[in-house]
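For reference, the structure discussed in these notes is given below.
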Amino acid sequence: MFLIKLPAYKDILQIENELMLVFDSKIQEAIFLSEDYLDFTKEKTSFTYTDGNDLYKKSGAVVSRKIAN
């Protein structure tokens, strides 16, 4: 099992961090039990968003390829 945190626009991530700053530490046990944890939020500026949350088709394809590899 892989855990995947998809990228989001910086304003959305700011709200997420305000609501749960320690998200990764909250899911540490799940991360430990998984094969890998892919956190694409660190690459948020590499993608294009339609509305802050949803990726444009080309960016979605890039994320999908990275997950597959």
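The values are calculated or read from the model by the stated rules, or taken from the named source; none is laboratory data. Only a predicted model underlies this, so the values are computations on that prediction, with no experimental measurement involved. All Cβ positions, glycine included, derive from the backbone under ideal geometry; neighbour counts span all protein chains shown.
Below are the figures for this structure:
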| quantity | calculated |
| --- | --- |
| Which numbered condition Tyr37 misses (of (1) in a helix (DSSP H, G or I); (2) surrounded by 15 or more Cβ atoms within 10 Å (Cβ to Cβ)) | (1) |
| Flag if Val62 is among the β-branched types (Val, Ile, Thr) and in contact with a Ser or Thr (Cβ under 9 Å, 6 or more places away or on another chain) | yes |
| Residue in the stretch 45-56 that is of a type in the set (A, V, I, L, M, F, W, C) and assigned to a helix (DSSP H, G or I) present | no |
| For Lys44: the one exception among (1) under 9 Å from Pro7 (Cα atoms); (2) modelled with pLDDT of 90 or more; (3) of a type outside the set (A, V, I, L, M) | (2) |
| Cβ pairs under 9 Å, 6+ apart, first in the stretch 48-69 and closer than 13 Å to Leu6 by Cβ and in contact (Cβ under 8 Å) with a residue 40 or more places away in the chain, second loosely packed, with under 13 Cβ neighbours inside 10 Å and among the aliphatic types (A, V, I, L, M) | Leu55/Ala61 |
| Enumeration of residues in the stretch 2-22 that are loosely packed, with under 14 Cβ neighbours inside 10 Å, assigned to a helix (DSSP H, G or I) and touching a residue at least 12 places away in the same chain (Cβ under 8 Å) | Lys10, Asp11 |
| Options Lys57, Lys10, Lys44; residue that is in contact with a helix residue (DSSP H, G or I) (Cβ under 8 Å, 6 or more places away or on another chain), charged (D, E, K, R) and closer than 24 Å to Asn69 by Cβ | Lys44 |
| Test: Ile31 is out of contact with any helix residue (DSSP H, G or I) (no Cβ under 9 Å at 6 or more places or on another chain), free of Cβ contacts under 8 Å to residues at least 40 places away in the same chain and not in a strand (DSSP E or B) | no |
